[in-house]
Amino acid sequence: MASNDDIMHALGKLEGSLAGIHDSVAQLRKDVGDEKTNAHDSRAVIHERLDEQARQIHLLDMTVTVSSNVDGQIRDEIKTLKETVEKNHEAVAPTLEEWKKMKTLGYGISGLIAFAGLTVGGIVAYASDGAVAWIRHWLKIN
């Protein structure tokens, strides 16, 4: 049978081991508590980022919606303008053709006037020698 000192010594060892286990459990609890806090903070940051992404996606969706509406309005305006231009072109086309004919006729008349001017100038130059001789003869100047 073991003596009282041996029992006390064994109980002291057991108490020391239990104190070490108690300290280890306390440290583990502290570490787990810290990890819970860190995980909570990390999840909070992730949720903030997700909320920000949701806001950005919503803004992008609204921008796309507004842009598509504006695009539709612009297409309608372009269609209306195209129809107006086609109607105006149909109304003005005969006048433009007539203007082209008048322009061509004007070029022809200008060419005829220039040709007539050159012809008259040539005739005057040719006849001037004869006219000078005739005037000298008439005035009896040698």
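The values are calculated or read from the model by the stated rules, or taken from the named source; none is laboratory data. None of these values were measured; they are calculated from a predicted model. Backbone-built Cβ (ideal geometry, glycine too); neighbour counts: all protein chains shown. Surface accessibility is based on the protein's heavy atoms, side chains included, excluding ligands, DNA and RNA. Shrake-Rupley method; radii C 1.70, N 1.55, O 1.52, S 1.80 Å.
Could you work out what % of the accessible surface of the range 1-89 is carbon and sulfur, using a 1.4 angstrom probe and leaving DNA, RNA and ligands out of the count? Provide the component values of the computation, followed by the final result.
Values: 4900 of 8200 Å².
Of all accessible area on the range 1-89, carbon and sulfur atoms account for 60 percent.
Would you mind pulling out the separation of the Cα centroids of the range 1-74 and the range 93-120, in Å?
The range 1-74 and the range 93-120 have Cα centres separated by 95 Å.
Restricting to lysine pairs 8 or more places apart or on different chains, what number in the chain have Cα atoms under 29 Å apart? Please report the intermediate quantities before stating the final value.
On the way: LYS13/LYS30; LYS79/LYS87; LYS82/LYS100; LYS82/LYS101; LYS82/LYS103; LYS87/LYS100; LYS87/LYS101; LYS87/LYS103.
Lysine pairs meeting the criterion: 8.
Specify which residue in the list TRP138, VAL85, LEU96 is farthest towards the positive end of the charge dipole of the chain, using unit charges on the beta carbon of Lys, Arg (+1) and Asp, Glu (-1), about the Cα centre.
TRP138
Mind checking the dipole of the range 1-110: about its Cα centre, +1 per Lys or Arg Cβ, -1 per Asp or Glu Cβ, Debye to the nearest 20?
Numbers: 14 positive and 20 negative charges, 183 e Å.
In total the dipole reaches around 880 debye.
For the range 25-85, how big is the tail of P(r) above 13 Å, as a whole percent of Cα pairs?
The answer is 75 percent, as a whole percent.
Would you mind listing how long the chain runs along its three principal axes, going by Cα atoms, in whole Å with the largest first?
184, 47, 20
Averaging over all projection directions, find the projected area of the Cα convex hull of the range 61-142 and quote it in nm² with one decimal place. The partial results should precede the final answer.
Numbers: hull surface 44.3 nm².
The Cα convex hull of the range 61-142, projected and averaged over all directions, gives 11.1 nm².
Mind pulling the angle between the C-alpha long axis of helix 4-139 and the longest principal axis of the chain? Nearest 10 degrees, somewhere in 0 to 90.
Value to nearest ten degrees: 0.
Work out, step by step, the length gained on full extension between GLU77 and HIS9: first 0.36 nm times the residue separation, then minus their alpha carbon distance; give nm to one decimal.
Details: separation 68, 0.36 × 68 = 24.48 nm, distance 10.04 nm.
Result: 14.4 nm gained on full extension.
When the helix-only estimate is applied to the chain (DSSP H runs of n ≥ 4, each -39,500 (n - 2.57), divided by the residue count), what is the mean residue ellipticity at 222 nm, nearest 500 deg cm²/dmol? Don't jump to the answer; show the numbers that get you there.
Working: 1 runs with 136 residues, N = 142.
Result for the chain: -37000 deg cm²/dmol, rounded to the nearest 500.
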